[in-house]
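A short write-up of the structure that comes next.
The values are calculated or read from the model by the stated rules, or taken from the named source; none is laboratory data. From a predicted model like this one, the values you see are computed outputs, not experimental measurements. Cβ coordinates were reconstructed from backbone atoms using ideal geometry, including for glycine residues, and neighbour counts include every protein chain displayed.
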Amino acid sequence: MQNDIQEVLISEEELQNKIKELGEILSKEYADRNPLVICVLKGAFIFMADLVKSITVPVEMDFMAVSSYGASTKSSGVVKIIKDLDASVENRDVLIVEDIIDSGLTLTHLIDLLQRRGAKSTTVVTLFDKPSGRKVDLEADYTGFVLPDAFVVGYGLDYAEKYRNLPFIGILKPEIYTS
Ligand code: XMP
Ligand code: MG
């Protein structure tokens, strides 16, 4: 698996330090509110797990799976709900935990859905942002790292469902896509 990686972009230690920082900021933001933290599956599951351990105030958690890419590395613009939330977001302060924002289409769709369902507030924390890929005007409230326009894997992010379990963020060798 490690042999398929061309370059490590962000090390495990850098990831962990940044996530602790984000956790501290969010602990302050939610000091007197009890947010519903929503993990956008599958990519955000490792980030979510590490992030909530760094949040020192009570939170509730729920999970939602959406799909926009299939096995391709470019957004199709089609967002499908694969697994819906168990909890109601009505009148809740919602914190959406995303792995990466590229075109912004997935999150725009998700925020719109949660607002239509009556969320009191929607706040977005994303571990990665690729601003050069944006097709809609959307900014996360909190961002871990800004990335160049490259397809990245590891720390929850996949290529054709592989590489999610790498503890760092890397770029695949080009021959992996073409073979
Ligand atoms: P959009 O374009 O809707 O994309 O903002 C958000 C979703 O697309 C996936 N995505 C990636 N997945 N490496 C990945 O493994 C990447 O470089 C990448 N860029 C976007 C991701 O699932 C995210 O939720
Ligand atoms: Mg994916």
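Only one entry in G156, G170, G144, G118 is within 9 Å of ligand 1 (Cβ to nearest atom) and either on the phi > 0 side of the Ramachandran plot or at pLDDT 95 or above (or both), namely G156. Scanning the stretch 40-63 for residues that are more than 14 Å from V124 (Cα to Cα) and within 16 Å of ligand 2 (Cβ to nearest atom) yields L41, K42, G43, F45, I46, F63.
Restricting attention to the stretch 135-179 and to residues that are among the polar types (S, T, N, Q) and more than 14 Å from the chain's Cα centre (by Cα), the residue that is surrounded by the most Cβ atoms within 10 Å (Cβ to Cβ) turns out to be N165.
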